[in-house]
Amino acid sequence: GGGQRKVEQEWEAIPQVDGAAADIKPKYDKNKKKKEKKKAKKASGGGAKAGEDDAPPPSSTEASASDMGVEIEYVADAMLDETDPMHSEWAKIFDHFQKAKETPTEEETGGAAAEKEVEVVVNKKPTRDADSDDEDAEKKKEKLSRKKFKLLNRLSISELKQLVKRPDVVEVWDVTASDPRLLVFLKSYRNSVPVPRHWCNKRKYLQGKRGIEKTPFQLPSFVEATGIAKLRQAYEEKNAEQSAKQKARAQSRPKMSKMDIDYQVLHDAFFKFQTKPPMTRHGDLYYESKELEVKMTERRPGVVSDELKTALGMPMEGVPVPPPWLINMQRYGPPLCYPNLKIPGLNAPIPAGAQFGYHPGGWGKPPVDEFGRPIYGDVFGVTVTEEPVDETDVEKKWWGEIEAVESEEEEEEVKPKKGAKKAE
């Protein structure tokens with residue numbers, strides 16, 4: 001009886017066509033039942049795995065709806081009054097809580113992860129090949145420009161100083177040259193004239209001297225001694241007292257020889273008493289505010305003046321005290337610019353009464369080699385200097401001097417005179 005009823009119910013669920021039943025029989029597979037169970041769990045918000053086996057099977061209405069492909073949507077009762085002025089705000093809040101977020105189950109997430117792992121394992125080798133191809137393509141696209149290539153191959157200042165013989169000539173911008181070594185060689189060459197230092201300035205040459213009052217030109221001393229300056233001053237004062245008519249008449253009919261100076265005085269001024277003006281040396285170029293610099297022509301390297309001694313706290317009398325830079329010179333060597341300079345305590349013996357050592361007033365320790373010999377010069381005064389040769393008795397003559405030759409007539413005149421003396 002029970003089996004017959006089930007068959008009748010299933011037969012009634014089948015749609016009829018033209019009063020006759022369609023030749024379609026329901027098929028319930030195991031896979032279809034599992035899918036229905038999963039859908040029912042999702043709809044009811046299923047809990048843990050332990051409760052999945054004990055969960056009741058879906059109802060007949062849900063099963064039939066799922067078989068027909070119909071989705072069931074549960075609508076909650078209206079709990080709000082539409083006449084309420086805050087109806088829209090309350091509706092937003094309730095909608096937020098009523099919408100359930102669909103979260104994937106552990107089985108789905110596990111399956112997706114396994115599939116990703118399989119894809120990664122399978123595609124490992126092709127991805128490497130693809131990456132290498134992409135890198136090659138990027139390298140081809142991103143070729144180094146000339147500017148970047150020059151920057152990569154450019155020497156640093158320290159490297160350039162190590163490669164050249166005169167590192168003191170190297171400047172900051174020398175590394176940017178096309179051939180830095182050749183440039184430094186030309187700069188360090190004898191009698192080479194440097195490029196003016198204002199070549200890299202953005203402002204114009206002598207732009208900083210604008211607004212500075214120029215000093216009036218002064219006549220040289222040998223010209224001023226002639227007294228021409230007083231004559232010119234008197235002539236200018238006389239012209240200032242003239243009226244406009246007199247000035248116009250003087251322009252149309254000028255008078256000559258107003259300033260009479262003795263020509264002998266002018267001749268002596270330019271040909272006897274003339275002196276050379278101060279001239280710059282070879283390669284000494286003018287630059288802005290050069291005339292304001294202090295000239296150190298009277299100073300000599302290695303000579304410590306009394307003013308400098310008092311400034312450094314070196315006593316004038318008593319035991320001689322070394323200069324404060326002697327210790328550093330013993331450590332790093334003498335200055336390269338003055339190779340022949342004699343420095344006591346470094347390449348020359350110390351003065352009498354002084355002692356080597358690092359005590360107050362000591363002259364440090366002179367640098368020596370492994371055999372105890374001084375490196376830079378005779379510090380201990382051991383070597384005997386050769387005595388200077390006395391050149392007073394040496395006969396000095398000009399090279400190429402023509403000897404005086406007496407003529408034959410003079411010789412003949414001299415001979416009879418000698419005979420006459422003998423006869424007497």
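Remarks
- Across region 184-196, rounded Karplus estimates of 3J(HN,Hα) from the backbone phi angles (6.51 cos²θ - 1.76 cosθ + 1.60, θ = phi - 60°) give 5, 5, 5, 5, 8, 6, 5, 6, 7, 9, x, 6, x Hz, Gly and Pro being marked x.
- Taking a Cβ cut-off of under 15 Å around Met329, the surrounding Lys, Arg, Asp and Glu residues balance to a net charge of +3, with basic ones at +1 and acidic ones at -1.
- Sites Leu152 and Lys35 - FRET efficiency at Förster radius 56 Å, r taken between beta-carbons, to 0.05: 0.30
- For region 272-393, the fraction of 1.4 Å probe accessible surface lying on carbon and sulfur atoms is 57 percent.
- Note on Asp95: accessible area approximately 70 square angstrom, rounded to 10, probe 1.4 Å, nucleic acids and ligands left out.
- Accessible area (Å², 1.4 Å probe, nearest 10) - Thr297: 120
- Over region 219-363, the ratio between the Cα radius of gyration and 2.2 N^0.38 Å evaluates to 2.06.
- Here the label points at Met86 and Phe222, each 7 Å from Cα along the C-beta direction, are separated by 11.3 nm in the simple model.
- Sequentially through region 333-342, phi angles give Karplus couplings (6.51, -1.76, 1.60; θ = phi - 60°) of x, x, x, 6, 6, 10, x, 9, 6, 8 Hz, Gly and Pro residues having no value and appearing as x.
- Remark: region 226-239, residue by residue, has Karplus-estimated 3J(HN,Hα) of 6, x, 6, 5, 5, 5, 5, 5, 5, 5, 5, 5, 5, 5 Hz, where x stands for each Gly or Pro and the curve is 6.51 cos²θ - 1.76 cosθ + 1.60 at θ = phi - 60°.
- Taking a point 7 Å out from the Cα of Leu292 in the direction of its Cβ, the residues of region 183-226 whose backbone N falls within less than 20 Å of it are 197-217.
- Note on Ile93: accessible area approximately 80 square angstrom, rounded to 10, probe 1.4 Å, nucleic acids and ligands left out.
- Within region 290-358, the chymotrypsin sites (Phe, Trp or Tyr not before Pro) that combine a DSSP coil assignment with at most 13 other C-beta atoms in a 10 angstrom radius are Trp325, Tyr358.
The values are calculated or read from the model by the stated rules, or taken from the named source; none is laboratory data. Note that the coordinates shown come from a computational prediction; the quantities given were computed from them, not determined experimentally. All Cβ positions, glycine included, derive from the backbone under ideal geometry; neighbour counts span all protein chains shown. Side chains are part of the model used for accessible areas, which takes the heavy atoms of the whole protein and leaves out ligands, DNA and RNA. Shrake-Rupley method; radii C 1.70, N 1.55, O 1.52, S 1.80 Å.
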